[in-house]
Amino acid sequence: MIIQKTTAKLTLILGCLAFFAAPAFADSWLDDYAEAYRTSQIEAKPLLVVFEKPLERSSQFQQVSDLSRREKSSLLSPYTLCRIDVTSESGQEIANLFGATQFPYTVITDKHLKRILFRKAGNISDLDWATMLISYREGTRPKVELSTFRSTPTVCYT
C-alpha cells in the first residue's frame, strides 16, 4: 500500500516536472517581436524572424515540407521563433529596421542579439532551410574547417 502511494506520487511529480520542464514555445511561433526578443535574451538562443504578408500567397513563408516535418522540433528548438506580419503598421516598422523590402524575409541573429548572422529575401528551399537551421543553431557564425582544403604543390606543365 505504501509503495503504491509512493509510486503514484512519484509518477505525478515526474509528470508535472516533464510538463513544466518542456519549453512552452519550443516549436511555436511568436508574433510579437518584443516578446520574442525578451525570450531570446532570457534563454540565450538565436532569434529566427520571418517577415511575411500572410494574405499574399507569393509573400507567405513556406515551412519545411511534409517529409521534413518529423525533424521540425529538433531543427527549430535551438531558436526563439518569431513571425512578423508586415501588413500591420508595427510589423512594417520592424521590417524597415531590418532592411526588409521583399517578402518573405528571413533573419537569424546571434544568441546575444548583437549581430545578424543570416538574412535572405524570398522563399527558401527545404534543403536550404534545413542547412540554415543546422548551421546557425549555436547562435554563432559557422566555422570553416581549413583542414578540409589540402595544401598541395601546383605543377605547371607549359
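The values are calculated or read from the model by the stated rules, or taken from the named source; none is laboratory data. Just so it is clear, the model here is predicted, and its values are computed rather than measured. Note that we place each Cβ from the backbone using ideal geometry, even for glycine, and neighbour counts take in every protein chain shown.
In table form, for the structure just shown:
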item: Counted residues, the range 79-116 - those being in contact with a Pro (Cβ under 7 Å, 6 or more places away or on another chain) and within 18 Å of Gln41 (Cα to Cα); result: 5
item: Leading residue by the ranking (nearest to Leu133 (Cα to Cα)) among those in the range 81-117 that are of a type in the set (A, V, I, L, M) and assigned to a strand (DSSP E or B); result: Ile108
item: Of the criteria (1) surrounded by 10 or more Cβ atoms within 10 Å (Cβ to Cβ); (2) of a type in the set (Val, Ile, Thr); (3) at pLDDT below 95, which one Thr39 fails; result: (3)
item: Number of the condition not met by Pro104 [criteria: (1) out of contact with any Gly (no Cβ under 9 Å at 6 or more places or on another chain); (2) over 18 Å from Thr140 (Cβ atoms)]; result: (1)
item: Members of the range 103-120 that are farther than 18 Å from Thr39 by Cα and buried (at least 18 other Cβ atoms within 10 Å of the Cβ); result: Phe103, Pro104, Tyr105, Thr106, Leu117
item: Residue in the range 44-57 that is at pLDDT 95 or above, surrounded by fewer than 18 Cβ atoms within 10 Å (Cβ to Cβ) and within 16 Å of the chain's Cα centre (by Cα) present; result: yes
item: The listed residue being in contact with a helix residue (DSSP H, G or I) (Cβ under 9 Å, 6 or more places away or on another chain) and modelled with pLDDT under 90, out of Pro78, Pro153, Pro142, Pro104; result: Pro142
item: Qualifying positions in the range 25-54 - touching a Cys at 6+ places or on another chain (Cβ under 9 Å) and of a type outside the set (Val, Ile, Thr); result: Trp29, Leu30, Asp31, Asp32, Tyr33, Glu35, Ala36, Tyr37, Ser40, Leu47, Leu48
